[in-house]
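Trainee: Got a structure for you, questions after.
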Amino acid sequence: MQSAGLEKATHRRIAGVLGVLGALLALMLAGAGPASAHATLDSTDPRQNSVVATAPQAVTLTFSESVSLSNDSVRVLDPAGKAVDTGNPAHADGKGNTARVGLRDGLANGTYTVAWRAVSDDSHPVGGAFTFSIGAPSDTSVSATALQGAEADGLVAALYGTGRTVAYAAFALLVGVAAFVLLCWPAGTARRRVQRLLMTGWTALLVSTVAVLMLRGPYERGSGIGQAFDLSLVRATLDERIGTALAARLLLLAAGGVFLSLLVGQLGQPPRPVVPKPRDEEEAGTDGLARGAASEDEAEAAELRELERRAAERPQREARLGLGVAGLVLAVALSATWVGADHASVGIQVWLALPLGILHLIAMALWLGGLAALLVALREGVGAEVVDRFSKIAFGSVAVLAGTGIYQSWRGLGSWGALTGTEYGRLLLVKSGCVAAMLGVAWISRSWLARLRSAPAEAVEVAPAELPEPVAVAAHSEDPARQAQLERQRAALRSAGRDRGLTPTRAGLRRSVLVEALVAVAVLVVTTMLTNSPPGRVAGEVKAGAAAAPAAGGAAAAPQTEPGRTVDLKLPYDTKGRTPNAKGTATVTLNPARTGPNEVKLALDGADGQPVDVPEVELAFTLPDRDLGPLPVALTPEGTGRWSGTAQLPLAGTWVVSVQIRSSDIDQTTPTQQFKIG
């Protein structure tokens, strides 16, 4: 009766955990709505690079999706670098995809700089700067900080990225190890090493989540590490989508602690042994005439013992089923805290991207976290049957990863050119290469598994050995020889416990799995970098918007070219590659080569003097003496090896032009040259 009461209490606790996890999961999924990943600046009022006749009353920015604003999201600086906005930007007419800040009265003629920074709907900070002029363009002095206001502090960015990577790894460890013991090796929950793995995953996920929550504010605003303990920034983060996800993750980890205690408490106990009833002495002495009846009795007794064994194992089977369902809901809910606040929550086909993103994360955890559990299991001497079960689970996980990964790649890239022409695409290629390496190592592991199956003596599980305690007669002796003997006994005991079950085949399989796990760490790092990079679709939109910006400025913003005022700058380059476009000359032409807007033309010619095309080229101007720049130029293609654009050079001085040229996926160089304006 007491056992039945404990079972009912366990079932009630599992049901309670399921209810809490289901409510939190519904809360997470309900918060994701359609939008386009990473906000892009669609238009501004006044227009970028435009010249207006009278001073406007406000500056309005319109984005491709809703954005979150802070008190300094939009700043307007006059030619002297003094702030002329009224502060506290807000959404124009209540529209979430806009930002508007008022301007002070009595603004003088000249060129004004607008620096903006916001948080896009997929929780990534975005920012930039542009200029407009009142009356006529003029010289302006603006620090690089104002123009690059969206850049995060280097230390904060490194710690924030590390925290996100640790969180991914901890999630994989926690979910993968729990699934391994539930599906492949229930007896493993009683092993100390497995319990340490589970607690390491839970603790690391808790600590990394708190760290990311505290670092999010400084990361968004580009401030220093000291702002991590600013409670006002933490409160502001909690009001954002990612803050809600992090808070939900902390609540889920509390439920996860209860789940782990139930997992170890239920599966860590061996099933109740079935003690066969001793035969009665009188039955043992029956004569030959009663042997037929005795054999029937023995068959009935064997059947009864089998029923008793199943009845004894039934509580553990029910506990495994309940814990499996609770663990699945917990894993789905935890993965939703990433998917619901990242690329999958915005963009096209959100209704499909969300569940596939959850499947992708869970499959990753089953594979990578299971590898860590398998390493420990092989050390503990598990049989080939356990490894076989995990092999099947890993195969299914890889199939799910391939299917969902192909969809996510198509959704994020948008075109084949983005695969090599954007940072997101290049990181995706690196991740694909790492996964391919893991599959190669996994194939080697399967060959070791086949050897393990073919060796019956090694395929069976090695039972935990109860090793004798070392002879301790010399424990308190001062005889050095006896002390050395005791130390050798202790070392032998430790070695026996450590190497139990590590036959040559098991050791080879374990080495192969270890290499696979190390490559998995690289996969997790690249995955974190992918989530912090704008998808290829968005990068294309940004380039298209930048190219259209000069045209949107109107006729008044176009540079006025003058005959005889052209300056040609020739920059030899060599990317050290082997392609025909790896070496040549970049020619930058400016007109009228004075302060204000300048028409810029860029020509790339190979070593033979013929125009050459390259996968990527970027042009920028910097004025080091005034800490101004780099000011990038939006280039419009005009044929093979030819581009044009408009450069705003607001001050006189010695400028530096830089041309970043990439001739292949890995070959790149940036030649520079000085020139004077004014």
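Nothing in this text is a laboratory measurement; each read-out follows from the coordinates by a stated rule. Since this is a predicted model, take the numbers as computed values, not measurements. Cβ: placed from backbone, ideal geometry, glycine included. Neighbour counts: every protein chain shown.
Trainee: Taking the Cα centre of the stretch 41-146 as origin and charging only Cβ (+1 Lys, Arg; -1 Asp, Glu), how large is the dipole, in debye to the nearest 20?
Mentor: Working: 7 positive and 11 negative charges, 42 e Å.
For the stretch 41-146, the charge dipole is close to 200 debye.
Trainee: Label-point separation (nm) for Thr670 and Val207, each offset 7 Å from Cα along Cα-to-Cβ?
Mentor: Rounded to a tenth, the inter-label distance reads 3.6 nm.
Trainee: Now for a separate question. How about the stretch 353-436: which chymotrypsin sites (Phe, Trp or Tyr not before Pro) there are in a DSSP loop, with at most 15 other Cβ atoms within 10 Å of their Cβ?
Mentor: On the way: sites: Trp367, Phe390, Phe395, Tyr407, Trp410, Trp416, Tyr424; in loops: Trp416.
Passing sites in the stretch 353-436 are Trp416.
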